[in-house]
Structures are given as structure tokens and as C-alpha cells.
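Engineer: The structure under discussion is supplied below as C-alpha cells; questions concerning it will follow.
Just so you know, all these numbers are worked out from the coordinates, no wet-lab data involved. Since the model is a prediction, treat every value here as computed from it, not as a measurement. Because the Cβ atoms are built from the backbone with ideal geometry, glycine has one as well, and the counts that use them run over all protein chains shown.
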2 protein chains.
Amino acid sequence: MQRFPFEAIAIVRSPYREKFAIPRQPGLVDVLSTVELLPPYNRAEAVRGLASFSHIWLSFVFHGVVREGWKPTVRPPRLGGNERVGVFASRATHRPNPLGLSAVELVAVECDSAGVRLQVRGADLLDGTPVVDIKPYLPYADSLPEAQGGYAPQAPDTRLAVVFSELAAATLVQQQHSYPALASLIEQLLALDPRPAYHSDDPQRGYGLALYDFNLRFVVADGVATVVAIEPLAAD
Amino acid sequence: MQRFPFEAIAIVRSPYREKFAIPRQPGLVDVLSTVELLPPYNRAEAVRGLASFSHIWLSFVFHGVVREGWKPTVRPPRLGGNERVGVFASRATHRPNPLGLSAVELVAVECDSAGVRLQVRGADLLDGTPVVDIKPYLPYADSLPEAQGGYAPQAPDTRLAVVFSELAAATLVQQQHSYPALASLIEQLLALDPRPAYHSDDPQRGYGLALYDFNLRFVVADGVATVVAIEPLAAD
């Protein structure tokens with residue numbers, strides 16, 4: 001069998017501290033992340049000319065599931081979670097090689113004495129994700145607007161309205177200076193309904209979600225997600 | 001350092017028997033290739049539902065250059081071969097992890113007792129290329145027609161007219177039954193001018209190119225590529 005040892009060339013720093021609630025494709029949520037190049041690749045010359053491209057490809061490893069192995073079929077959330085398709089007909093994480101692929105907007109290329117960092121918008125990547133390749137997005141080869149997207153022809157609809165409890169709203173005000181985008185990010189994420197497809201509404205059921213340094217607690221009823229509290233994330 | 005051992009899940013069968021003359025991005029040339037899934041992944045259930053997508057991503061290994069290592073900068077043919085950009089600002093082969101990425105048209109999914117094969121159109125892949133992942137192309141996430149393509153904003157122009165010598169034309173007639181697409185493929189490949197960017201026209205200079213089971217010999221002068229002969233490829 002042919003094996004190829006790939007190494008991390010960069011690490012993602014993102015507000016997503018757990019897999020739950022990460023949007024299932026890039027570009028669905030306006031969120032900023034940082035791609036930090038690792039030595040010996042964190043040299044300005046390795047990214048020379050990259051800033052003239054508006055978007056880049058990140059090839060990354062689903063590092064949270066590396067040890068769990070692959071499954072020949074998966075149940076995509078887009079099919080309601082109760083229909084199986086082949087793993088190669090999906091973008092699911094439990095793949096023979098746990099490789100992910102995301103096109104993201106390149107906001108800035110920063111090179112200084114600390115190294116090389118790419119600021120990107122719209123990534124759907126867990127904090128700490130190892131990146132194995134960075135490539136420019138070439139619209140003439142990569143953009144195929146006429147492609148037929150099978151069971152996922154369009155972006156998923158936003159499905160929930162989002163409201164904040166008084167307690168949660170007060171925390172947002174307190175954190176406004178340090179986390180100016182927090183309220184908007186929470187609204188966008190919860191509107192996409194991060195609950196597993198097989199969960200029906202149960203207003204008693206509480207959900208937690210780790211974002212930046214916070215644990216978000218919310219409930220869902222009648223098409224409305226209510227953010228109950230935004231609490232400090234317990235240290236690991 | 002984080003290392004991830006990836007394995008080949010499929011092998012490409014294509015008419016391109018050497019790197020020279022492979023188009024530098026997918027979709028530039030109308031050519032058919034086959035992606036043969038390898039055991040234990042060559043099961044119909046692993047590709048269930050894939051046929052409803054018109055295009056797929058192939059993540060593959062530039063296996064011809066694995067041992068040659070990476071270079072921090074490269075000279076893209078699109079910049080005339082005399083300007084350097086960072087390896088991460090290019091799609092060049094000599095990358096820290098020699099990963100390639102191509103969107104190709106999915107023509108057919110064949111599952112039978114011999115295994116699973118995907119027939120694809122437009123691949124820019126060497127015969128024998130190891131594939132490490134197959135994913136559906138999702139137009140809503142992957143197609144970004146407004147993206148700015150830096151130094152490669154559009155597909156390269158065709159640059160050469162192509163003519164066949166009497167000898168070469170006779171071979172095409174002989175091979176018409178076994179290789180009906182050969183003449184068209186040769187015309188498309190040579191029109192893109194596969195010569196290195198630093199080669200100027202020298203009508204005395206002969207070029208060879210391995211395609212299917214043939215060695216193509218051609219010369220270039222005054223914007224015209226002349227196919228001198230189409231000979232059987234010597235056995236390895």
C-alpha cells in the first residue's frame with residue numbers, strides 16, 4: 001500500500017472550540033480566523049504574491065477524528081440525518097484519509113518577526129486544526145457555477161430566529177470591547193440550527209457550545225433559539 | 001511535529017505518461033481518465049449518491065516529485081518563468097506536502113464485480129497518480145466566480161496552431177479505431193504550448209511527448225506546432 005506522511009505546515013486559530021456548531025461548509029458565517037504558518041514554512045518568501053488572490057484553499061486534517069477511522073457510508077445532515085450516502089459522496093469527517101477542504105476569503109497576509117499569519121474570513125475550522133496545504137483559488141479552474149450539487153444544491157437555509165436572555169445580553173455588553181463580533185457570530189451560528197438532525201424541539205433540552213473563551217447555553221422552541229447564558233469556558 | 005500518514009484510496013489511469021505536456025490546470029483539455037478505487041475502498045456503498053453530482057474534487061499526490069522535496073519559491077509558467085512567487089501562492093508540484101487538487105467532471109460511476117471506477121473528464125493527472133480523497137463539488141461553497149485570481153486571472157490562451165505531417169496523419173488514420181480521440185487530444189495539448197517558458201522558437205529543436213502508448217515527436221516554428229511522427233512508446 002502506498003503511504004504518504006504529510007505534516008502540518010500551519011495551525012488554525014479560530015473561535016470554534018468544539019466541533020458542535022461549526023458551520024458545515026465554509027462561507028456560511030462571517031467569522032475571522034488566523035492561519036499561523038509553522039517553521040520552517042513561516043517565511044515571507046513562501047507566501048510571496050499570495051495577497052494578490054482574494055481567496056485560498058486550505059487542505060486540512062480533521063484532527064479530532066483521526067483515531068476514529070472511516071465509515072463507508074454517512075448520514076448527511078442535509079438529508080435529514082436518516083438517509084445514507086457513500087463517504088466519497090459527502091464532505092463528512094470520517095474519511096479514509098481525514099482530509100478537509102475549504103475555500104476561504106483571504107483578508108490579510110501578515111509577515112513579521114513573529115512569523116507568517118494569514119487572516120481569513122468564513123473558515124469552518126476548529127481551533128487548532130492542522131493545515132497540510134495552502135493554495136491560491138484559481139477562479140478559471142476552480143469556479144464551476146454550472147455544477148450540479150446533488151443532494152446539497154444550495155446553501156442551507158437559516159432556520160431559527162435567535163434571541164438573548166437578559167443575562168446573556170448583559171454579558172454581551174460587558175464583552176463588547178474584547179469580543180465585538182460575538183453577538184453577530186452567535187446569531188449566525190444558531191440561525192443555522194446546529195442541533196443534530198434527529199433532535200426534535202424539546203424546550204427543556206439545554207445545549208452548550210464553546211466559542212472563543214465562552215460556553216454558550218441555549219434552548220430551542222417553536223423555531224426560536226434562546227441564548228440563556230454566556231459563561232466563561234472552564235479551563236481544560 | 002504533527003505527521004499524518006495518508007494512503008492511496010484510488011489510482012488514476014490517464015493518457016498522460018509523463019509530466020511534460022500535462023495541462024497545468026484541470027478543465028483545459030477534453031480528455032477522459034479513469035479513477036480506480038483500491039481495496040478496501042472499492043465498494044459500491046462508498047460512492048452511493050455520488051452520481052448525482054456533476055463534478056468532483058480529486059486530492060492527489062504529485063508522486064513523481066515526492067522525493068525531490070519542496071522549494072520556498074517557484075517560477076510560474078504564467079509569469080513567463082522568470083518571476084518568483086511563494087510556493088503557497090502557486091499550484092506548483094514541489095510543495096512541503098506534495099498534494100494536488102483538481103475539480104473534474106464526473107462522467108460515470110461504474111460499480112461491478114471488478115470494483116469501482118469513476119470516469120472523469122478534464123483531469124490534468126499523470127497516469128498512475130495516487131488519489132488520497134474524492135469529494136463532491138458543492139457549487140454553493142466551492143464556486144466563487146467573483147474571486148480575484150492574482151497572476152492567473154483567466155485560463156491560458158491557446159498559443160499554437162497544430163498541423164500533422166503526412167506520416168503522423170497516416171498513423172492517426174491507422175489508430176482511429178483504437179484511439180478515436182487521439183488527434184483531438186494532441187491538437188488541444190500542443191495548442192497550449194507545453195514547452196518550458198524559457199524556450200524560444202528553434203525549428204531545429206525536437207520535442208517528445210508520451211501519450212497513451214505513443215511517443216509524439218513535434219517541432220515548433222512561427223507559432224505552428226508540427227507533429228512529425230507518432231511512434232509506439234518503447235516498453236519500460
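Engineer: Report the gain in length on full extension from A:S200 to A:Q2: 0.36 nm times residue separation, minus Cα-Cα distance, nm rounded to one decimal. Can you show the working numbers first?
Structural biologist: On the way: separation 198, 0.36 × 198 = 71.28 nm, distance 4.45 nm.
Extra length from A:S200 to A:Q2 when fully extended: 66.8 nm.
Engineer: Cut-off under 19 Å on the C-alpha distance; same-chain residues fewer than 8 positions from A:K135 excluded. Which aspartates and glutamates are left, in chain and number order?
Structural biologist: A:E7, A:E36, A:E45, A:E105, A:E110, A:D124, B:E83, B:D124, B:D133, B:D142, B:E146
Engineer: Sort out for me the Cα centre separation of region A:208-230 from region B:169-202, rounded to whole Å.
Structural biologist: That distance is 61 Å.
Engineer: What percentages make up the Cα-Cα pair-distance distribution of the protein assembly as shown when the bins are 10 Å wide from 0?
Structural biologist: For the protein assembly as shown, the pair-distance distribution reads 4, 18, 27, 25, 15, 7, 3, 1, 0.
Engineer: Per the Kirkwood definition applied to all pairs of different Cα atoms, how many angstroms is the hydrodynamic radius of chain A? Please report the intermediate quantities before stating the final value.
Structural biologist: Numbers: mean 1/r = 0.0515 Å⁻¹.
Over chain A, the inverse of the mean reciprocal pair distance is 19.4 Å.
Engineer: Using the alpha-carbon centroid of each, what span in Å lies between region B:65-92 and region A:1-57?
Structural biologist: 19
Engineer: How shielded is B:80-88 by partner chains, expressed as the average number of their Cβ atoms within 10 Å of its Cβ atoms? List each step's numbers first, then the result.
Structural biologist: Numbers: counts 0, 0, 0, 2, 3, 8, 13, 10, 19.
For this peptide, the per-residue mean of nearby foreign Cβ atoms is 6.
Engineer: Enter the mean number of other protein chain beta carbons within 10 Å of the beta carbon of each residue in A:93-99, as an integer.
Structural biologist: Working: counts 0, 0, 6, 13, 10, 3, 8.
If you average over the peptide's residues, the count of other-chain Cβ atoms is 6.
Engineer: A further question follows. For region B:161-232, give me the percentage of DSSP beta bridges that are antiparallel, rounded to the nearest 5 percent. Walk me through the numbers before you get to the answer.
Structural biologist: Details: 13 of 17 bridges.
Percent antiparallel among DSSP bridges in region B:161-232 is about 75.
Engineer: With springs connecting C-alpha atoms under 10 Å apart, model chain B as a Gaussian network and identify which of B:V131, B:V219, B:V61 has the largest mean-square fluctuation.
Structural biologist: Of B:V131, B:V219, B:V61, the most mobile in the Gaussian network model is B:V219.
Engineer: For region B:92-174, rounded, prolate or oblate, judged on the Cα gyration tensor with a ≥ b ≥ c (square roots of eigenvalues), a/c < 1.5 rounded, else prolate if a/b > b/c? Intermediate values should be presented prior to the final figure.
Structural biologist: Working: a/c = 1.91, a/b = 1.18, b/c = 1.61.
Verdict is oblate for region B:92-174.
Engineer: Inside 10 Å of the C-beta atoms of A:125-136, what's the mean count of C-beta atoms belonging to other chains?
Structural biologist: Details: counts 0, 0, 0, 0, 0, 3, 1, 8, 10, 6, 10, 12.
Counting Cβ atoms of other protein chains within 10 Å of each residue's Cβ and averaging gives 4.
Engineer: Considering the Cα positions of region B:161-232, please state its Rg to one decimal place and its Dmax as a whole number of Å.
Structural biologist: Calculated on Cα positions, Rg and Dmax stand at 11.8, 38 Å.
Engineer: Cut-off is 10 Å between beta-carbons; in what order do A:D30, B:D124 appear when sorted fewest neighbours first?
Structural biologist: Details: A:D30 12, B:D124 23.
Ranking A:D30, B:D124 by Cβ neighbours within 10 Å, fewest first, gives A:D30, B:D124.
Engineer: For chain B, what does -39500 (n - 2.57) per DSSP helix run (n ≥ 4), summed and divided by total residues, give at 222 nm, in deg cm²/dmol to the nearest 500?
Structural biologist: Values: 3 runs with 24 residues, N = 236.
The helix contribution divided over chain B gives -2500 deg cm²/dmol.
Engineer: Additional query: Just flag the GluC sites (Glu not before Pro) in region B:121-209 sitting in loop per DSSP whose Cβ has no more than 15 other Cβ atoms within 10 Å.
Structural biologist: Answer in residue order: B:E146.
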